[in-house]
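Everything on this sheet refers to the single structure shown next.
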Amino acid sequence: MSRYLLDKFLFTVDRDPALVERYREDPAGTVEWWEAEMANKLLNCTDAERSTWLSFTEDERRALREHDHVTLFGMGAHPFLTLTLFIAVFERDHGPLEYQKAYGKAMQHLTLPYPDIST
């Protein structure tokens with residue numbers, strides 16, 4: 001498991017409106033494409049600078065495909081990154097603050113100590 005890779009996915013997709021729409025419409029295809037094309041690109045570097053070893057686990061792929069922010073948090077994904085991306089993906093389907101409240105309610109069962117979200 002790589003909290004870094006989960007957070008990198010959430011961060012990079014959230015910052016590109018076209019990727020947000022792609023992730024909303026085709027989460028499985030977006031996760032597959034992103035892992036193949038973007039996972040090993042180094043942030044803020046040229047395309048020639050790449051890593052070769054990063055990949056999602058099957059559980060991470062499933063949670064990303066299913067937009068399962070509770071499982072992602074349990075895996076150590078940063079909650080602010082999941083919240084901001086999923087607001088971009090789902091807020092338009094809800095009234096003011098409805099999605100944020102539902103996000104919090106889904107996490108309500110979690111107690112301290114929370115999973116480590118440091119990377």
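The values are calculated or read from the model by the stated rules, or taken from the named source; none is laboratory data. In this text, all values refer to a predicted model and were calculated from it rather than measured experimentally. FYI the Cβ positions are ideal-geometry reconstructions off the backbone, even for glycines, and counts take in every protein chain you see.
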State which residue pairs qualify: first residue crowded, with 18+ Cβ neighbours inside 10 Å and inside the stretch 72-99, second residue at pLDDT 90 or above and in a loop (DSSP other than H, G, I, E, B) in any location, beta carbons under 8 Å apart, and separation of 6 or more residues or different chains. Phe86/His67; Val89/His67
Taking only pairs six or more apart or across chains, which ones have beta-carbon atoms under 9 Å, a first residue in the stretch 1-29 that is over 14 Å from Ala77 (Cα atoms) and outside any helix (DSSP H, G or I), and a second residue that is of a type in the set (D, E, K, R) and modelled with pLDDT of 95 or more? Asp16/Arg22
Just give me the residues in the stretch 15-37 being closer than 16 Å to Arg92 by Cα and in contact with a Leu (Cβ under 9 Å, 6 or more places away or on another chain), in sequence order. Val20, Tyr23
State whether the residues of the stretch 40-58 include one that is small (Gly, Ala, Ser), modelled with pLDDT of 90 or more, within 21 Å of Thr12 (Cα to Cα) and surrounded by 12 or more Cβ atoms within 10 Å (Cβ to Cβ). no
